[in-house]
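Working notes for the structure below.
The values are calculated or read from the model by the stated rules, or taken from the named source; none is laboratory data. These figures come from a predicted structure and were not determined experimentally. Every residue, glycine as well, gets a Cβ built from its backbone with ideal geometry; the counts of neighbours run over all protein chains shown.
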């Protein structure tokens with residue numbers, strides 16, 4: 001597992017929903033579930049309606065968000081940006 005935290009920004013048209021760190025973020029995409037950790041390859045994906053779940057280093061769920069879709073982009077090796085409809 002990665003020793004570096006992943007910075008996650010979850011933004012909706014109304015507000016910043018989350019801006020913080022986790023070990024792993026799991027999102028629903030149109031092609032299935034993707035788990036992002038620091039050093040994940042660069043990727044832009046369309047998010048499906050479902051849940052975004054954030055995990056700590058022991059893979060305990062620390063936050064969960066229901067969304068209606070959106071887009072995700074791995075900005076840098078340790079920064080995930082999620083633009084969501086909620």
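Could you tell me how many of the residues in the range 22-32 are over 10 Å from the mean Cα position of the chain (by Cα), assigned to a strand (DSSP E or B) and without any contact (Cβ under 8 Å) to a residue 40 or more places away in the chain? Write out each step before concluding.
Initially, the range 22-32 is screened for residues over 10 Å from the mean Cα position of the chain (by Cα), giving 23, 29-32.
If we keep only those that are assigned to a strand (DSSP E or B) as well, we get 29, 32.
Adding the requirement that they be without any contact (Cβ under 8 Å) to a residue 40 or more places away in the chain leaves 32.
So the answer is 1.
For the range 1-21: of the residues being surrounded by 12 or more Cβ atoms within 10 Å (Cβ to Cβ) and not in a strand (DSSP E or B), which is modelled with the lowest pLDDT? Per the stated criteria, the residue is 2.
Which residue, of 48, 25, 38, is closer than 13 Å to residue 86 by Cα and in contact with a strand residue (DSSP E or B) (Cβ under 7 Å, 6 or more places away or on another chain)? Explain how you work it out, then say what you get.
Details: 25 fails: closer than 13 Å to residue 86 by Cα; 38 fails: closer than 13 Å to residue 86 by Cα.
One residue alone meets the criteria, 48.
Filtering the range 55-86 to residues that are in contact with a strand residue (DSSP E or B) (Cβ under 6 Å, 6 or more places away or on another chain), within 22 Å of residue 13 (Cβ to Cβ) and not in a strand (DSSP E or B) leaves 69, 85, 86.
Can you tell me which residues in the range 33-54 are assigned to a loop (DSSP other than H, G, I, E, B) and surrounded by 16 or more Cβ atoms within 10 Å (Cβ to Cβ)? Talk me through it step by step, then tell me what you get.
Of all residues in the range 33-54, those assigned to a loop (DSSP other than H, G, I, E, B) come to 38-43, 48-49.
Correct list: 38, 40, 48.
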